[in-house]
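Working notes, structure below.
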Number of protein chains: 2
Amino acid sequence: MKNKELVKELSNRLKWTSTDVSDTISSLGAFISERLGDDDIVYLEGFGQFETRKKGERISVNPANGKRYLVPPKLVPVFKPGVTVKAKLKELGNNE
Amino acid sequence: MKNKELVKELSNRLKWTSTDVSDTISSLGAFISERLGDDDIVYLEGFGQFETRKKGERISVNPANGKRYLVPPKLVPVFKPGVTVKAKLKELGNNE
């Protein structure tokens, strides 16, 4: 589902304009990114939590010329699903 | 950051009541869960996308009595960060 369809569907459900919905999603996204950027854990009730995990530096090889180079350490966002999402998916898994 | 603080901060930024913010987050969460439950990929602009991955069944051992049992296959939600989030975290990583 593309962003556009999601916005449309949500604006139907909430009886809002598409602009309001898409602004809200942007704000939420920007805000979560910001908090994660400060190395904070963001917990959304019923949905799950976002946190960062640090990946250490590692040595990789360029397959074209065989040269080794260092990949610097980086932070990656990780999503941990909450109870509601897990239950929903379990239900689906059982129906298959 | 707990859900309560997040709701408070977002309601300040958007000039909304906390109830509106928390209702919106619940709707969004429920909606994403629902789409994932239908095995759909949900893409949030600027933030990232949610998708499901199927984990195959596997055999596990109960450490208490050594009995082997079958863990059934299940669907797990996976979050793939978008460009904005990645850039934000890269910035932070470099500052450390």
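Odds and ends about this structure:
- Some residue of segment A:59-69 being crowded, with 17+ Cβ neighbours inside 10 Å and hydrophobic (A, V, I, L, M, F, W, C): no
- Residues being at the interface with another protein chain (Cβ under 8 Å from one of its Cβ atoms) and over 17 Å from B:Lys15 (Cα atoms) - total across segment A:11-28: 2
- Within segment A:33-50, being among the hydrophobic types (A, V, I, L, M, F, W, C) and either surrounded by fewer than 15 Cβ atoms within 10 Å (Cβ to Cβ) or more than 7 Å from chain B (Cβ to nearest Cβ) (or both) holds for A:Ile41, A:Phe50.
- Long-range neighbours under 9 Å by Cβ, at least six apart or interchain, first residue at the interface with chain A (Cβ under 7 Å from one of its Cβ atoms) and without any contact (Cβ under 8 Å) to a residue 12 or more places away in the chain within segment B:71-93, second assigned to a strand (DSSP E or B) and among the charged types (D, E, K, R): B:Leu89/A:Lys74; B:Lys90/A:Lys74; B:Gly93/A:Lys54; B:Gly93/A:Lys74
- Close contacts from segment A:51-70, counting a first residue that is within 14 Å of chain B (Cβ to nearest Cβ) and a second that is among the hydrophobic types (A, V, I, L, M, F, W, C) and part of a loop (DSSP other than H, G, I, E, B), with Cβ to Cβ under 9 Å and a gap of 6+ residues or different chains, come to A:Glu51/A:Ile41; A:Thr52/A:Ile41.
- Every condition in (1) closer than 27 Å to B:Val76 by Cα; (2) outside any strand (DSSP E or B) holds for A:Pro63 except the one numbered (1).
- When A:Thr19 is tested against (1) buried (at least 16 other Cβ atoms within 10 Å of the Cβ); (2) more than 16 Å from the chain's Cα centre (by Cα), just one condition goes unmet, and that condition is (1).
No lab work stands behind these numbers, since they all come straight from the coordinates. Worth saying up front: this structure is predicted, and the values here are computed from it rather than measured. Heads up, the Cβs are rebuilt from the backbone with ideal geometry, glycines too, and the neighbour counts pull from every protein chain shown.
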